[in-house]
1. So, how do all the Cα-to-Cα distances of segment 229-407 break down into 10 Å bins, in percent, from 0 on up?
2. Evaluated at 4 °C with a viscosity of 1.567 mPa s, what Stokes-Einstein diffusion coefficient in µm²/s does the chain have when Rh comes from the Kirkwood expression over alpha-carbon pairs?
3. On a C-alpha basis, how far is the centre of segment 256-308 from the centre of segment 317-395 in Å? Whole number, if you could?
4. What nm distance separates the two modelled labels at residue 234 and residue 149, each placed 7 Å from Cα along Cα→Cβ?
5. Quick one: check the C-alpha center-to-center distance for segment 80-111 versus segment 131-148, whole angstrom.
6. When ranked by the protection proxy of mean other Cβ atoms within 10 Å per residue, highest first, what sequence do the peptides 345-358, 379-392 form?
7. Calculated from DSSP H runs of 4 or more alone, at -39500 (n - 2.57) each and per residue, what is the 222 nm mean residue ellipticity of the chain, nearest 500?
8. How would 45, 207 line up from fewest to most surrounding beta-carbon atoms within 10 angstrom?
Ligand SMILES: [Zn+2]
């Protein structure tokens, strides 16, 4: 018995049942297109998993499409190129710009990790290790980028058309639409990338999509809604007011992309009512400073309220007394002042970066305040602090934690369950959906909502599992 084979195969190879390492292979019309090529982050097997094979020969890929520049979506591109991929990498214009900052930083981190590991191994009489990839591989990768505008349609391969739409997640983040000419009628695959929350400032909201034969969708927060954003912002105002009365410094560990810019934005909006002229605001992160400059080169991507701020003031990022610190010496000088500073520094989970130096100098002071504005993964210093650790170890030194700790839950760059379900609800005919980029409890909860509300046919992608449509 013969049956016409469905013509498109989707193989979810990463971020299937976990939130990092996004990588999906689409095979259609005799071509192979890779969606995202992200790094696995976290867990003790992280290094080995990132260095492992791709599960296909990179030289046999015809095109790569990336949804956005977070490292868990693009971090392994240089490895893909080093191992033989020589075709185009399609991305939005802003993602292409941001990819340079992100991948150069990743190469520097990889070099530092390898050097540290090599020293340990050499003392044991073992051979040194090589970094995951080099700056040279990053340069080779950046040369392959082919930037596109949102809304533009481009035939990237014969019979395969690509379009990006706003995902509202970070600068340049896109929903990916692939349209395949398969003889009779077009078939459409929509990949959500990471979907942002509708209430977030600066960037436009995620674009409602209407047509798809298959939806490949993230589910990071598929099991919950975030706290109300405006309430969270009011809480930040109260914390800063009380902190001024305490008379110490305020430390805010923040990721360089998205969160740092949003914090600057809220401080600009509330400059007067929060009495911020009494503080020195410091962005102590060369990377966040570069990213903030990049945001300002892409104001065409901002939402209406932020564009109005650009026209009429206050400027969303250039606070009247903001200091962007790049130099290490200047960063160290900040530590000599015990009061009057709001310091934003990375890393967001305190497992690296300049924030660790500031924590060392401020954690023990009871008039200082630490404000956590993002997710703190298990095993990080940030998580220890959020969980109420009385002592922590920094640079081999035991430090008593007496600073006040605050956790602000409502500033996520991801849509919660309601937002994800609402975005899916715009598709006509509620097409089959494959859930990725979420741990199992989150995926299962979202699957239930989509099944009950829309009678959607939902698949939870398994690593290496194939879906045909
Ligand atoms: Zn992301």
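1. 10, 39, 37, 12, 2
2. Values: Rh = 23.3 Å.
It diffuses with D of about 56 µm²/s by this estimate.
3. What the calculation gives is 18 Å, centre to centre.
4. Label at residue 234, label at residue 149, 4.1 nm between them.
5. Comparing the Cα centres of segment 80-111 and segment 131-148, I get a distance of 4 Å.
6. Working: 345-358: 21.9, 379-392: 15.6.
Result, highest mean Cβ count within 10 Å first: 345-358, 379-392.
7. Values: 14 runs with 150 residues, N = 469.
Using -39500 (n - 2.57) per qualifying helix, the result is -9500 deg cm²/dmol.
8. Values: 45 10, 207 19.
By the 10 Å Cβ count, ascending, the order reads 45, 207.
Read the figures in this text as sums done on the coordinates, not as results from a lab. Note that the structure is predicted; figures quoted are calculated from it, not measured. FYI the Cβ positions are ideal-geometry reconstructions off the backbone, even for glycines, and counts take in every protein chain you see.
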